[in-house]
């Protein structure tokens with residue numbers, strides 16, 4: 001092998017998720033990298049866990065009611081990780097003109113509407129959102145009717161690049177309940193394993209610290225102001241820690257168990 005070619009190592013991962021098993025085989029570079037470089041892998045794991053969750057609800061006789069051209073959830077306050085925020089900003093910057101300017105203008109218009117409604121200070125963290133005020137704030141945001149900048153014809157125009165929160169949000173209740181954002185009438189598919197939390201923790205977050213997230217609507221503005229300063233580490237180390245966090249038995253809500261991982 002050429003000395004300048006990064007060394008790749010093969011990893012086999014087996015996880016038990018509920019009563020189902022997930023087995024994956026992957027090649028990971030040992031070269032120094034930031035966690036953001038592994039976003040495609042993190043998305044793939046999330047998609048696999050979502051798929052297993054859908055199989056479970058269908059086996060129980062329920063059916064996912066989400067469908068194309070139903071963009072009700074695309075007007076909600078969507079929390080994404082810092083990794084995803086920077087990827088969205090980069091994705092927009094890579095768009096050809098005039099598409100890039102059009103999408104940037106949608107982001108700017110959305111933030112202006114939030115500022116006019118008096119909601120922006122809370123999104124910026126200038127005003128604290130308490131546990132008691134969280135749900136009312138989410139409902140107040142939804143009532144503004146601000147569509148995701150990528151929503152077109154009530155469908156996602158960046159489906160392959162959509163955040164993990166969007167991938168995981170599936171319901172088995174009538175679509176009209178989502179359109180009215182009736183919390184009592186919405187039943188979501190339970191996805192076991194917290195990919196988002198694992199992503200946050202491998203970026204150096206204290207597991208006991210409050211979770212950090214970026215509103216999707218602020219992805220571009222936030223990323224422009226916060227360059228990625230996460231230290232580079234061997235890729236194999238990043239991936240191993242990700243699965244350790246994802247399958248941490250001390251976190252009961254994960255409901256996953258790591259059967260084996262090795263490089």
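Values in this text are rule-based calculations from the coordinates and carry no lab data. The shown structure was predicted, so the numbers you read here are calculated from the model rather than taken from an experiment. Here the Cβ is made from the backbone with ideal geometry for all residues, glycine too, and neighbour counts use every protein chain on show.
Neighbour counts of C-beta atoms inside 10 Å place 52, 26, 15 in the sequence 26, 52, 15, starting with the fewest.
Rounded to the nearest 500, the helix-only mean residue ellipticity at 222 nm of the chain stands at -11500 deg cm²/dmol, with each DSSP H run of n ≥ 4 adding -39,500 (n - 2.57).
Can you tell me how much longer the chain between residue 144 and residue 25 gets when fully stretched, taken as 0.36 nm per residue apart minus their C-alpha distance, in nm with one decimal? Can you show the working numbers first?
Numbers: separation 119, 0.36 × 119 = 42.84 nm, distance 4.45 nm.
Full extension from residue 144 to residue 25 adds 38.4 nm.
Helix 235-246 and the long axis of the chain differ in direction by around 60°, with both axes built from C-alpha atoms. Overall form of region 81-228: rounded. Here a/c, set by the Cα gyration tensor axes a ≥ b ≥ c, is under 1.5. Modelled label positions at residue 152 and residue 66, each set 7 Å beyond Cα in the direction of Cβ, lie 2.1 nm from each other. Considering region 69-166, its Cα convex hull presents a mean projected area of 6.7 nm².
Among 248, 19, the order by Cβ neighbours within 10 angstrom, fewest to most, reads 19, 248.
Working ranking of peptides 130-138, 179-187, 215-223, 29-37 by packing, defined as the average number of other Cβ atoms within 10 Å per residue, highest first, is 215-223, 29-37, 179-187, 130-138. For P(r) over Cα pairs in 10 Å bins from 0, in percent, the candidate list reads (i) 7, 28, 31, 23, 10, 1; (ii) 6, 26, 34, 25, 8, 1; (iii) 6, 24, 26, 24, 16, 4, 0; the entry that matches the value derived from this model is (ii). The spacing between region 33-102 and region 137-205, judged by their C-alpha centroids, is 9 Å.
Pairwise alpha-carbon distances in region 1-105 exceed 21 Å for 62% of all pairs.
Normalised by the number of residues in the chain, what is the relative contact order in percent for Cα pairs under 8 Å and 6+ residues apart? The partial results should precede the final answer.
Numbers: 349 pairs, mean separation 96.2, N = 263.
Reported as a whole number, the value is 37 percent.
Under 17 Å from a label point set 7 Å out along the Cα-to-Cβ vector of residue 180, the amide N atoms of region 110-143 belong to 139-140, 142-143. Per-residue extension of 0.36 nm, minus the Cα-Cα distance of residue 226 and residue 7, leaves a gain of 75.7 nm for this segment.
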